[in-house]
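Accompanying notes for the structure given below.
The values are calculated or read from the model by the stated rules, or taken from the named source; none is laboratory data. A quick note: this is a predicted structure, and the numbers were derived from the prediction, not measured. Neighbour counts run over all protein chains shown; Cβ positions are idealised from the backbone, glycine included.
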Amino acid sequence: MARADIEWTDEFLIGIAELDHEHRALVRDINRLHGALRSHDEPARIEETLGEILARMQAHFALEESVMKEHAYPHYAEHKAEHEALLDTVTGFIVRFEKEGEDVAEALEESLDEWIIDHIVTHDRKMSLMVKG
Ligand SMILES: [Fe+2]
């Protein structure tokens, strides 16, 4: 069973325009993956979407890390370590998807859904409160 789309809500806004913009794009990409899996698109297309999600995550984390550095954010190391762990997790899933196909898709989707919401609502909100503080 493939998963439903994430519904964007304004609770996801953290008040830093460039990061909010990227969070929307990430949610859109993850929803594109959900749609592709629901309609059983070809594995090659799904892998392409996964590659795009990973690239967007990398770019997003790099921007976030530069915002944190600029503001001498005290939890920088912790937040950066979280980014690295996430990239490892998603990369691991992509490798598994390439081998195991749709069997691994649901775990991958669940992990992306949980990640994006936790990332925005917990970690990024905490950061934005201090950075904007
Ligand atoms: Fe973020």
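Somewhere in the stretch 18-39, is a residue more than 15 Å from the ligand (Cβ to nearest atom) and among the acidic types (Asp, Glu)? So far as the stretch 18-39 goes, no, none of its residues is more than 15 Å from the ligand (Cβ to nearest atom) and among the acidic types (Asp, Glu). In the set (1) away from the ligand (no atom under 14 Å from the Cβ); (2) more than 14 Å from residue 30 (Cα to Cα), residue 125 fails one condition alone, (1).
If the Cβ limit is 6 Å and pairs must be 6+ apart or interchain, which residue in the stretch 14-43 that is more than 15 Å from residue 55 (Cβ to Cβ) and at pLDDT 95 or above pairs with which residue that is of a type in the set (Phe, Trp, Tyr) and away from the ligand (no atom under 13 Å from the Cβ)? Pairs that qualify, where the first residue is more than 15 Å from residue 55 (Cβ to Cβ) and at pLDDT 95 or above and the partner is of a type in the set (Phe, Trp, Tyr) and away from the ligand (no atom under 13 Å from the Cβ), are 27/8. Residues of the stretch 79-95 that are more than 21 Å from residue 31 (Cβ to Cβ) and touching a helix residue (DSSP H, G or I) at 6+ places or on another chain (Cβ under 9 Å): 79, 80, 82, 83, 84. Selection of the stretch 2-24 for residues being in a helix (DSSP H, G or I), of a type outside the set (Phe, Trp, Tyr) and surrounded by 15 or more Cβ atoms within 10 Å (Cβ to Cβ) yields 19, 20, 22, 23. Filtering the stretch 79-92 to residues that are in contact (Cβ under 8 Å) with a residue 24 or more places away in the chain and more than 17 Å from residue 22 (Cβ to Cβ) leaves 89, 91. Checked against the criterion of being under 27 Å from residue 39 (Cα atoms) and surrounded by fewer than 15 Cβ atoms within 10 Å (Cβ to Cβ), the stretch 65-81 has no qualifying residue.
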